[in-house]
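Notes for the one structure printed next.
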Amino acid sequence: MTTPGGAVSAGAPLVGRGKRRWSRLAMREARDGYLFVAPWLLGFALFTAGPMLASAVLALMRYNLFSPPVWVGLANIKKLVSDDIVWLSLWNTAYYTFLSVPLRLIASLVLALLCVQKIRFTAWFRTFFYLPSVTPAVAMAIVWFWILNPDVGLANTVLRAIGLPPSKWIWDPKTSKSTFVLMQMWTAGGNTMVIFLAGLQNIPQSLYEAAQIDGASGWAQFKNVTVPMLSPVILFNLVMGIIGSFQVFTGAFLMTAGGPANSTLFSVLYMYRLAFEQFEMGYASAFAWLLFLVILVFTLLQLRMSESWVYYEGG
Amino acid sequence: MATLSRLPRSAQATAAHGGQHPPASYYIKRALLYLGMISLSIVFMVPMAWMLSTSLKLQGQVFAHPPIWIPRPIMWYNYVEVLTVAPILRWLGNTCVVTVAATLGTIISASMVGFGFARLRFPGRGALFALLLATMMLPHIVTQIPTFIMFKYLNWHDTFLPLIVPSFFGGGAYNIFLVRQFYLTIPTDFDDAARIDGANNWMIWARIMLPLNAPVLTAVAIFSFVGHWNEFMGPLIYLFSEDKKTLALGLRAFVDPFLASYHLNMAGAMYLTLPMVIIFFFGQRYFLRGVVMTGITGR
């Protein structure tokens, strides 16, 4: 794969033609290939690789957008380590992530399994489960704000009606994070479900038939056919779920502004404040990198651990 | 899988359809299944139903005890009144401009890049594609601050450009991946035939592949449309003036019930939500097929 000519002649169907003509064709194909992927390559340089590099450099500077940046070396990193709010926000985020991701995965897998049952109206059920996922976060925040209202909200009305004590939901540091976990089941559960649905539909029916002939019960089929065959999709949802949850922002920004008592001050919310309210671009960049590294470690850990439980059909 | 033994076809048939009616437990299971599905559907639809219901209430009914689900009279006028509280229509227009432009960019560039990765051979293709997939796992927060500074130097702050232009550069790794997977399912005979007729790669892409790709591009268009329509953080960072705001950003003030009142807030939220619901109902088929097509399942 080093020369354009070599890339094509490997497995090329038109070997009969002259060598010179061949490589010219291949050259043109390679040139067009680069041109076709050029938008992404440019975008990668301009909006991903470049900014990442710039962010790493900024992390070593003090810069407030208005006066020129000043080199401060490791000062931002030292400040990060001693900033209690940084660690509090990381703790809040980790708490939210490790509660919400497993719960959402289990719930949406159950939903997906229900949707592939041979019953009528599955298209409708699927729609109902999925609809909250396309609803704008702001609209959702407006409704939830009202549903959760401790005095007149629907949630406490229901709790009182069934004889349970009312809750202060997002307005109590003890329940605020769990309430966000609950809300994200609505808004993100459908997305995860659809991906599971796709995975379930790709499992060959013959495997289930074979298991049935062996007398496998429903649970045994689930454990020995569905889960192994679905494990790559579970991994995908797990990894994407963790990456997404670590960047939770909009709900907390809109509804609690990080309160009460900083109990919903998630990391991206804190980063937003540092960067776009206090204009501490350097310090915020250092924090963004810290968060990036935390996410990276968890992602790599997941991928490493997955080797023992993910089943790939081909490999 | 090695543990699964195989029986002759005939035995399988007898096991599957015994020829009698299903036992009573079968019907009980079905009833429970339907009951479960219906109650879950209700649980999932409550926030939206509440939004719709409250948006049509008289102010006095909003706090009624027990809660009123079907407002009487139905106050369609709330949807007019809310327009006097905030420049909803202006914001809606801005959202449309941003969303349509960004979606256009996504479709064009994702289908181009997808074609390059699926159909053309060039050195480094495998490595670049792996890089593309890796960026799917990249949290965007690391790039946010330098990008913000870059757009400031371009004087793009308080314009729609930061929300639109990046879409023209590939349209996101996920969409490229989706399109590429779809191209791979189209037989190369089409390309070969066109090439024999003297078409170059650009003509093959524009005249043959784009039309054949309509289903996946519809899925990408819907994903992108929903994504940009709902986007909050981008507009929050880049748009400052009141008349430049997108609807999602403008409605931020509505989370706080002091600005308007609950019934009007919900009417405002409905302006943002309803287009998504409509798009989802009509595009649902493509939406779900799009996810199936990614083939994340196989590998």
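The values are calculated or read from the model by the stated rules, or taken from the named source; none is laboratory data. All figures in this text were calculated on a predicted structure; none of them were measured in a lab. Heads up, the Cβs are rebuilt from the backbone with ideal geometry, glycines too, and the neighbour counts pull from every protein chain shown. Only protein heavy atoms, including side chains, enter the accessible area calculation; ligands, DNA and RNA are left aside. Shrake-Rupley method; radii C 1.70, N 1.55, O 1.52, S 1.80 Å.
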| task | Treating the Cα atoms of the protein assembly as shown as identical point scatterers in vacuum, please give the log10 of the normalised Debye intensity I(q)/I(0) at q = 0.06, 0.10, 0.12, 0.13 Å⁻¹, two decimals. | result | -0.37, -1.02, -1.39, -1.54
| Given a 1.4 Å probe, how much area per residue of the stretch B:23-80 is accessible, in Å²? | 62
| note | Residue span B:ALA49 to B:ARG285: 0.36 nm per residue of separation minus Cα-Cα distance leaves a gain in nm of 82.6 nm
| said: Could you work out the relative contact order of the stretch B:11-170? I mean the mean sequence separation of Cα pairs under 8 Å and 6+ apart, divided by the number of residues, in percent. | reply: 22
| Of B:LYS244, B:LYS29, B:LYS152, which is the most mobile in a GNM of chain B whose springs link Cα atoms less than 10 angstrom apart? | B:LYS29
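How do A:ARG126, B:ARG289 stack up against each other in accessible area, from largest to smallest, with a 1.4 angstrom probe?
Ranked list, largest accessible area first: B:ARG289, A:ARG126.
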| What is the spin-label model distance, in nm, from A:LEU113 to B:HIS65 if the labels are put 7 Å beyond Cα along the C-beta direction? | 4.1
| Could the peptides A:277-287, A:70-80 be put in order, highest first, of the mean number of other beta-carbon atoms found within 10 Å of their residues? | A:277-287, A:70-80
| query | Most mobile of A:ARG304, A:ARG62, A:ARG24 per a Gaussian network model of chain A (Cα springs, under 10 Å)? | reply | A:ARG24
| note | Mean other chain Cβ within 10 Å across B:146-152 is 6
| task | Mark the label point 7 Å from the Cα of A:ARG160 along Cα→Cβ and return the residues of the stretch B:56-83 whose backbone N is within less than 18 Å of it. | result | B:60-69
| query | If you count, for every residue in A:26-36, the Cβ atoms of partner chains within 10 Å of its Cβ, what is the mean? | reply | 6
| field | Mean projected area in nm² (Cα convex hull; one quarter of hull surface) for chain A | value | 25.6
| At q = 0.12, 0.20, 0.23 Å⁻¹, what is the log10 ratio I(q)/I(0) for the stretch B:41-164, with the Debye formula run over Cα points and no solvent? | -0.83, -1.17, -1.29
| field | Top positive-direction residue, dipole computed over chain B with Cβ charges, set B:THR54, B:PRO123, B:HIS140 | value | B:PRO123
| query | What does the charge add up to near B:THR246, with Lys and Arg as +1, Asp and Glu as -1, over the other residues with Cβ less than 13 Å from its Cβ? | reply | 0
| task | Express in nm, to one decimal, how much length is gained between A:SER206 and A:TYR311 on full extension, taking 0.36 nm for each residue of separation and deducting their alpha carbon distance. | result | 36.0 nm
| For chain A, what % of the accessible area comes from carbon and sulfur atoms, probe 1.4 Å? | 66
| field | 25 Å Cα cut-off, lysine pairs counted over the protein assembly as shown (separation 8 or more, or different chains) | value | 6
| note | Magnitude of the Cβ-charge dipole (Lys and Arg +1, Asp and Glu -1) of the stretch B:29-121 about the Cα centre, nearest 20 debye, reported as 420
| note | Farthest towards the positive end of the dipole of the protein assembly as shown, among B:ALA194, B:VAL82, A:TYR311 and with Cβ unit charges of +1 on Lys and Arg and -1 on Asp and Glu, lies the Cα of B:ALA194
| query | In the stretch B:36-65, which residues become less accessible by 40 Å² or more once every protein chain is in place, relative to the chain on its own, using a 1.4 Å probe? | reply | B:MET37, B:LEU40, B:SER41, B:PHE44, B:MET45, B:PRO47, B:MET48, B:TRP50, B:PHE63, B:HIS65
| Ranked highest first by the average count of other Cβ atoms within 10 Å around their residues, in what order do B:162-168, B:72-78 fall? | B:162-168, B:72-78
| request: Determine the order of B:ARG119, A:ARG31, B:ARG125, B:ARG207 by accessible area, beginning with the largest, at a probe radius of 1.4 Å. | output: B:ARG207, A:ARG31, B:ARG125, B:ARG119
| said: Quick check: the distance between the Cα centres of the stretch A:58-109 and the stretch B:136-194, to the nearest angstrom? | reply: 26
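Find the sum over both chains of the accessible area lost when A and B are paired, probe 1.4 Å, and report it in Å² to the nearest 100.
Heavy-atom accessible area buried at this interface is about 9800 Å².
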| Heavy-atom accessible surface, probe 1.4 Å, ligands and DNA/RNA ignored: which residues of the stretch A:138-157 lose at least 30 Å² versus the isolated chain? | A:VAL138, A:ALA139, A:ILE142, A:VAL143, A:PHE145, A:TRP146, A:ILE147, A:VAL152, A:LEU154, A:THR157
| field | Student exercise, the stretch A:76-306 dipole from Lys, Arg, Asp, Glu Cβ charges, in Debye to nearest 20 | value | 240
| Accessible area of the stretch B:167-285 divided out per residue, in Å², using a probe of 1.4 angstrom | 40
| field | Alpha-carbon Rg with Dmax, taken over the stretch A:86-137, Å | value | 15.6, 51
| task | Whenever you get a sec, compute what percent of the accessible area on chain B sits on carbon and sulfur atoms (1.4 Å probe). | result | 68
| request: Specify the residue with the greatest mean-square fluctuation among A:SER23, A:SER67, A:SER108, computed from a Gaussian network of chain A linking alpha-carbon atoms under 10 Å apart. | output: A:SER23
| field | Cα centre as origin, Lys/Arg/Asp/Glu Cβ charges: the protein assembly as shown dipole, Debye | value | 1220
| Between B:ASN200 and B:ARG72, how many nm apart are label points set 7 Å from Cα along the C-beta direction? | 7.2
| task | Give me D for chain B in µm² s⁻¹, whole number, from Stokes-Einstein with Rh from the Kirkwood sum over alpha-carbon pairs, 10 °C and 1.306 mPa s. | result | 67
| For the stretch B:23-80, projected area of the alpha-carbon convex hull averaged over all directions, nm² | 5.3
| said: Which one, B:LEU251, B:TRP156, B:GLY105, projects farthest toward the positive side of the charge dipole computed for the stretch B:81-293 from Cβ point charges (K/R +1, D/E -1)? | reply: B:GLY105
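If I take R0 = 41 Å and measure r between the Cβ atoms of A:TYR95 and B:LEU58 in this structure, what FRET efficiency does the formula 1/(1 + (r/R0)^6) give, to the nearest 0.05? Walk me through the numbers before you get to the answer.
Values: r = 42 Å, r/R0 = 1.01.
With a Förster radius of 41 Å, E is 0.50.
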